[in-house]
Amino acid sequence: MTTEAPVAPGRIILLTASHRVAPGLLSWPAWQTLHAADQVLCSDDAHPQLPYLREAGIGVEIAAPTAQELVDACAGDRTVVVLPSGEGDRALTDGLARLAGSGRVQMPDLELLPGSYDLPGARLLDLVQVMDRIRRECPWSSQQTHKGLAKYGIEEAYELVEAIEDGDRDELREELGDVLLQVVFHARIAQEDEDEPFSIDDVAATIVEKLIHRHPHVFGDESAETPEEVKAHWLRTKAIEKQRDSVTDGVPLGQPGLALAAKLASRVRTASLDVALPAGDGIGYELLGLAIRAEAQGADPEAALRAAARAYRDAIRAVEGQV
């Protein structure tokens, strides 16, 4: 009496690819697997990878098999590659999980093969896409202007500073996102300008060009060994770019008073100018002197005052608790 050899169960490979990477840009292991497979299945006839697979000579069958049908297709040690749809084919993966858990079915080997990976910064593409839809479909966002959003930029910047000073990592990550949203929101609005439109790509290109130009010690032939030398490079190239008549040009006068005084003092010190403090009576001139003294000592007077104010707030709450 002879017994039949058991049929080899084969292999199921779920080939995933990031939608943030251009279709067709698959890893070498992915291409090897696709060429070696006995069958390649895809339930979505509009899958973005299909034209590139067909151009590479890979036959793809448009089909949406059940879990049992897929298991049967692997019988005889066959390898079947499945290209999941954008939604992930949840019904199929759940069905495979149920079959595997039943213990009644000899399951093929199951493998998840990433065909492409997100590059650093890839999720920014999602943010741009979401912002675009919100701008088109949200009744509030679709009406916003640069001027109308200006106050939110200031608020988000202050909340970011507070998160940094509190040392709260979760809050820091969230506030950085809120600041980033302001940038993307303004760039999306700018796309609609009839006379001088620009996009988030133009914004990124501008800052990339600026960073490269102002870091000749990184991207060029110059050298800088200390932070002071780096700052000197930055200010020198910035002065050439802006062609300013005064070291005070470009200092925003609308910033908080202590920060404004410290910024002016920093410009004066960097330019090695000998400028006497203006004479005057009153608390304003006293604060000006304190701010300049703090800057000379390497302290941020605005941050120092905030720290003192926080201590004052805690003292107030302590008294309130006693009452």
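The values are calculated or read from the model by the stated rules, or taken from the named source; none is laboratory data. This is a predicted model, so every value here is computed, not measured. Glycine also receives a Cβ, built like all others from the backbone with ideal geometry; neighbour counts cover every protein chain displayed. Accessible surface areas use protein heavy atoms only, side chains included; no ligands, DNA or RNA. Shrake-Rupley method; radii C 1.70, N 1.55, O 1.52, S 1.80 Å.
Shape analysis of the chain yields a ratio of the Cα radius of gyration to the Kirkwood radius, Rg/Rh, of 1.16. If only the Cβ of Lys and Arg carry +1 and only the Cβ of Asp and Glu carry -1, the dipole of segment 127-269 around its Cα centre is close to 520 debye. Entry note, segment 1-85: relative contact order of 51 percent, from Cα contacts under 8 Å with a spacing of 6+ residues. Computed from Cα atoms alone, the Kirkwood hydrodynamic radius reported for segment 1-105 is 14.8 Å. In the full protein context, the chain carries 67 Å² of accessible surface per residue, based on a 1.4 Å probe and ignoring ligands, DNA and RNA.
What translational diffusion coefficient, in µm²/s and rounded to a whole number, does the Stokes-Einstein relation yield for segment 63-113 at 20 °C and a viscosity of 1.002 mPa s, taking the hydrodynamic radius as the Kirkwood radius over Cα pairs? Once the numbers are plugged in, D ends up at 186 µm²/s. Under 5 Å between amide hydrogens, built in the peptide plane, is the criterion, and for HIS47 it picks out nothing among residues at least 5 positions away or on other chains. Taking the average, over residues, of other Cβ atoms within 10 Å as the packing measure, peptides 130-138, 117-125, 270-278 rank 130-138, 117-125, 270-278 from highest down. Report note on the peptides 139-146, 40-47: ranked by the mean count of other C-beta atoms within 10 Å, highest first, their order is 40-47, 139-146. Give the residue from ALA294, ALA205, ILE240 lying farthest towards the positive end of the charge dipole for the chain; charges sit on Cβ (+1 for Lys and Arg, -1 for Asp and Glu) and the dipole is referred to the Cα centre. The listed residue farthest towards the positive side: ALA294.
Taken about its Cα centre, the chain carries a charge dipole of roughly 360 debye when the Cβ of each Lys and Arg holds +1 and the Cβ of each Asp and Glu holds -1. For the peptides 15-23, 189-197, 58-66, residues were scored by their other Cβ atoms within 10 Å and the scores averaged per peptide; the highest-first order is 15-23, 58-66, 189-197. Split the accessible area of the chain by element, probe 1.4 Å, and carbon with sulfur accounts for 56%. When the Cα positions of GLY153, ALA304, LEU92 are compared along the charge dipole of the chain, ALA304 comes out farthest toward the positive end, with charges on each C-beta of Lys, Arg, Asp and Glu. For the chain, averaging the sequence separation of C-alpha pairs within contact (under 8 Å, six or more residues apart) and dividing by the residue count gives a relative contact order of 14 percent. Taking every Cα-Cα distance in segment 70-157 and sorting them into 5 Å bins starting at zero, the pair-distance distribution P(r) comes out as 2, 9, 12, 14, 12, 8, 7, 8, 9, 6, 5, 5, 2, 0 percent. Over all pairs of different C-alpha atoms in segment 136-240, the reciprocal of the mean inverse distance, the Kirkwood hydrodynamic radius, equals 16.6 Å.
Cβ-Cβ distance of ARG133 and ASP94, R₀ of 25 Å, FRET efficiency by 1/(1 + (r/R0)^6): the value works out to about 0.30.
Between GLU192 and LYS231, the contour length at 0.36 nm per residue exceeds the alpha carbon distance by 10.4 nm. Calculate log10 I(q)/I(0) of segment 185-256 for q = 0.17 Å⁻¹, where I(q) comes from the Debye formula with a single equal point scatterer on each Cα and nothing for solvent. Summing over Cα pairs of segment 185-256 leads to -0.87.
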